[in-house]
Amino acid sequence: MHPINRREFLKLTGVVGSGILGAGALRPLKAIAKEELGRGPYDNGKWIPSCCHMCGGTTGIMCQVVDGRLVRIKPNNHNPVGFTNISDDFFANADKEGAVMCPKGNAGIMALYDPDRVRQPLRRTNPQKGIGIDPQWKVISWEEAYSEIVSKLKNLRDAGEAHQLLWFSEDHCFTHIQDDFCKLFGTPNYNMHSNLCDVGRKASFKILMGDERPLIDAINSKYMLIFGWNPLSATKWSHLPRIITRGVERGAKLVVVDPHLSYTASKAHQWVPLRPGTDGALALAMAHVILRDNLQDQAFIDEWVTGFTEFREYVKDKTPQWAEGITTVPAKTIEQVAREFASTKPALVDVWSGTHHTNGVYAGWAIGSLAVITGNVEKPGTLVLPDKKGNKHIEVEADEAAKVTLKQPRFDGGKDKYPYFNKSGVYAEIINRLSKGGGPYQPKMGMIVFQNLLMAVVGTKNVETALRKFEFLVVVDTMLSETAEFADIVIPGTTYLERYDLNNHWVTWPILGLRQPVVKPLFGQPAEYEFVCELGRRLGLKEGNGGDFFWTGHMSHQRIEDKTKWYEELLSKELKEGEPKITLEELKALPGATWVSKNGTKYNKHTGAIAPEKVQDAFTEGALLFSKKKDGSKDKQIGMLKADGTAVRGFMTPSGKLELYAAKHTGKKDANGKELSPLPAYEPREWQPDDKYPLYLINWKEASQTHSRTQNNAFLAEIKSTDGLRMNKKTAQRLGISQHDEVWVESPYGKVKMKIELTEGIHPEVVGTQHGWGHWALGRIAKGRGAHTGILAPTKPCALSGQSLNKEICVNVTKA
Amino acid sequence: MLPKLENQENQALLNQEIAGGYFLFASLFYQPPRQDFLKMIIEAQLLTQARNIHHQGIEPLAKSIEDPRWLHQEEKIAVEFASLFVVPGQGMITPYESYYCDTLIIDHSTACSPYFQSQEGSVGLKGFLGGNSNQSVQALYKKFGFEINPAFFDLPDHVSAELEFIGKLYESGYYAEAENFHQKHLGRWVGLFLNKLSGQAKSSFYRAVAESLQGFLSMYDGRRDGKCLD
């Protein structure tokens, strides 16, 4: 070692400056193409239409970009999702009134410019994994990240173990390409957020109506009966508050059934608090009153409902007195609401995440049955089945190698185990099988894209054990979430403001909004679809016909190097072959980059006639009509033949009608081996309070946050920076607990400390909190605020739908 | 104040030295040093040398601050680099000008939520990325013929980019512009950044980096347009 002179210093630092460490942060401008010089794309400021993804609601947004910097987000008046869900209202009023978005929409800027974003690929250097264990991250180059991930994937595939890759993805963003990748790679184990959200509801309405997602036509309604849902505030479509309040302005009565005085309940004409998990009993007792008093719509039932006799017989003893003992709702209230609901037309009834308990699917079915027996289906102001036509997911065919592993059973048991299995997978079953063993095989590799399983799936300790079982785990996320801390490699993701997506649904007629990059990815990172495409390319994945799915332009049929351009062609293909029949560029050019079908909302679709030529060409089975596959075999249900021989659309159930009695359940079993009930049976939820854990614990969503992913957003933290434990004043008095006391909330699975918020707006047997707080990672703002109650629950799936049961918890609360 | 030397040749040499110093520090914040670079730093006492370039603001160190043990700590230094400058968390020292210096004005005219309507006027918020500073430095890079290297995978107002840019200005003879850039950009926040680094770095390596850069920049003491967020 020796001190150097000035010239030597110069020489050495000159070597540093000229790139001994590789390229520096800057490079000469001459490397830029001429046309890019001097004028950025947004030098003069520009409004770019897109779609929000602060939640899954996909509200239309307009983004003002100045000098490449996003400075403002406002609602996009051209996208119905921010305004209404019925077309005549949109066409008549959207221009005059303008669309809206929720506080999270405004706060999107901070999601983009959050200082705690993951910026570089990271590799853990500490092989130990666990909550509280520092992964000791090291920055790696993109090349290193790709090489290592591809090498692990290749090893799996070469060993004939492609099915041992488990893939988890967020919803309403780049799901198709991830699904395609899984298929071409050869794993049947693609999973997606929906399992954590509404597959319980989906199962309920699939049984009853043959459609998983009816929507409420609130504007035209005269009576709205909402079970266990907070549509004026909770994470969902931003048109909901407008259509519900507009319905109320027009004279509708709003009744909310919920253990908690939610924001929606606080705006309702009547709040009906009940014990958690007893909504099915309440609905059956209402049905009892309606049928006892002959308030049903018999003509509708006779024509469009099956199983009415069995249902009427079943509810005969489900009296209001019977339900009062179960739900604590006074019998006279049940009588009053049931009679009002049945005698007010049109009326609607709905339920959402209130179905996150063991009786949830049957409860949702019972709730939906109220709409059916009163004829409140497919009419203005009732539950309407949406016309879900948008972009088309182009099916890919796997090659021979992938076909072999695709034949392996799903790790979660899939439809063989869960009678109402949804393709989004069964997260709780996956976690249980990973952590405790069991299942057809033990997966070796996990790919988690924009999901935080440790906060989203209850049974935190169990999830922790499960995540440790992966031999190699990759997490792609914008934030270093609790789950990302278990990764071997973390890949920086993009926000919705830096990438493409196509968004449809959420209204009753076909529309499609474009999500597009309003700024370039901040850190030069590839969008998730480009990341997946790069993996596919490096793995050399081929289609069954030998086609290079990840290389070939889906419109030009030419080899495309640029992955963004390649993806743009894929989106064009989906649009062209879907309902819009336009290219991506044409979609961009539409007002608000939103395609809106002129056909509009259609009611009473079940009465629509099937064209004679279609009937003639159909595959017939009993009274049902199906389209035919190329080989002439049965394909999708398209309609039914009525008794008089006319062919109509009907409902997509086994009978073609609305089913109060599901004959197909006969002889079938749920995941626990229990016989399925052919009727929407009420059974007490499995976990009931006892002396040791005497209180129900529930959780809910509010507009201020989305699930567990937005708590690091500085704007949103200003609205509400944490949440306490809400407890009824009478309960607190009995327990000697005062306002703002710190308490221990304890279950057999763990305990958390929370601060008490006293209220009269919660059932006395219930305590509750907003979901999503209690981060120990994610970022500097989120960390340490509130409590994560997922630690207090077991990891448990619904035995029918596989829905993760996040709301079936009992606790004891004591002063800390 | 920039040192002025009577001899023109000496002045040019000093300016080249200053450019070299900037490149050295830019490299240290660009990515963790590999072993060959560590070896060079230790053997040539580069940090001590850089710290001692200007004598006006700080007394030169008689003793080297380099530690030969660093040579065997490449992995440890790489992990600390990630935890200090990359991995989001309580230990991270955000390396961007926007985070310290910019204020985001929330425009209530588009607020559709009752949550926002209760507040009057505009509300400012600090501590975010990609602010005006980011755009501003990017424009200056462009003006002097540079752009962000795509291989950098980071933002224009990153400490490494700003250091490198000043080095490029010195290298090209734009001394006044370099000083101006320091005053209007890097100088407004780098002190806060380095104070945090001195306080939070666990290894002697990054403490030495912080100390040597503070010494290197001492020529600018008292010459900046304003101090940013504490």
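Some points to look at:
- Candidates are the residues of the stretch A:58-70 that are of a type in the set (Val, Ile, Thr) and under 25 Å from A:ASP95 (Cβ atoms); the one that is farthest from the other protein chains (Cβ to nearest Cβ) is A:THR58.
- Residue among A:ASN712, A:ASN699, A:ASN728 that is at negative phi and more than 24 Å from the chain's Cα centre (by Cα): A:ASN728
- Any chance A:ASP95 is under 25 Å from A:TYR603 (Cβ atoms), away from chain B (no Cβ under 11 Å) and either part of a loop (DSSP other than H, G, I, E, B) or in contact with a helix residue (DSSP H, G or I) (Cβ under 9 Å, 6 or more places away or on another chain) (or both): no
- Among the numbered conditions (1) surrounded by fewer than 16 Cβ atoms within 10 Å (Cβ to Cβ); (2) within 11 Å of another protein chain (Cβ to nearest Cβ), the only one that B:GLN35 does not meet is (2).
- Which listed residue is away from chain A (no Cβ under 11 Å), in a loop (DSSP other than H, G, I, E, B) and either farther than 19 Å from B:PHE23 by Cα or at pLDDT 95 or above (or both), from B:LYS196, B:LYS184, B:LYS202: B:LYS202
- Single condition A:ILE491 does not satisfy, out of (1) part of a loop (DSSP other than H, G, I, E, B); (2) at negative phi: (1)
- Inside the stretch B:143-181, residues that are assigned to a helix (DSSP H, G or I), in contact with a strand residue (DSSP E or B) (Cβ under 8 Å, 6 or more places away or on another chain) and more than 9 Å from every other protein chain (Cβ to nearest Cβ) make up a count of 1.
Okay, residues lined up against (1) in contact (Cβ under 8 Å) with a residue 40 or more places away in the chain; (2) closer than 23 Å to A:GLN120 by Cα; (3) charged (D, E, K, R); (4) touching a strand residue (DSSP E or B) at 6+ places or on another chain (Cβ under 9 Å):
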| position | (1), (2), (3), (4) |
| --- | --- |
| A:LYS436 | no, no, yes, no |
| A:GLY439 | no, no, no, no |
| A:PRO443 | yes, no, no, yes |
| A:MET447 | yes, yes, no, yes |
| A:PHE450 | yes, yes, no, yes |
| A:LEU453 | yes, yes, no, yes |
| A:VAL458 | yes, no, no, yes |
| A:LYS461 | yes, no, yes, yes |
| A:LEU473 | no, yes, no, yes |
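- Residue satisfying condition, being touching a strand residue (DSSP E or B) at 6+ places or on another chain (Cβ under 9 Å) and of a type in the set (Asp, Glu), within set B:GLU97, B:GLU66, B:GLU43: B:GLU97
- Filter result (assigned to a loop (DSSP other than H, G, I, E, B) and β-branched (Val, Ile, Thr)) within the stretch B:74-102: B:VAL86, B:VAL87, B:ILE93, B:THR94
- Given (1) out of contact with any Phe, Trp or Tyr (no Cβ under 7 Å at 6 or more places or on another chain); (2) part of a helix (DSSP H, G or I); (3) away from chain B (no Cβ under 13 Å); (4) in contact (Cβ under 8 Å) with a residue 60 or more places away in the chain, number of the condition A:LYS152 does not satisfy: (1)
- Residues satisfying the stated conditions in the stretch A:78-124, i.e. of a type in the set (D, E, K, R) and more than 22 Å from A:ASN230 (Cβ to Cβ): A:ASP88, A:ASP89, A:ASP95, A:LYS96, A:GLU97, A:ASP114, A:ASP116, A:ARG117, A:ARG119, A:ARG123, A:ARG124
- For the condition in the same structural domain as A:TRP304 (by TED's automatic domain parsing) and either touching a strand residue (DSSP E or B) at 6+ places or on another chain (Cβ under 7 Å) or at pLDDT 95 or above (or both), A:SER147 does not qualify.
- From the options A:LEU215, A:LEU196, A:LEU225, A:LEU261, residue that is at pLDDT 95 or above and in contact with a helix residue (DSSP H, G or I) (Cβ under 9 Å, 6 or more places away or on another chain): A:LEU225
The values are calculated or read from the model by the stated rules, or taken from the named source; none is laboratory data. Values in this document were obtained by computation on a predicted structure and should not be read as measured data. We place every Cβ from the backbone using ideal geometry, glycine too, and count neighbours over all the protein chains shown.
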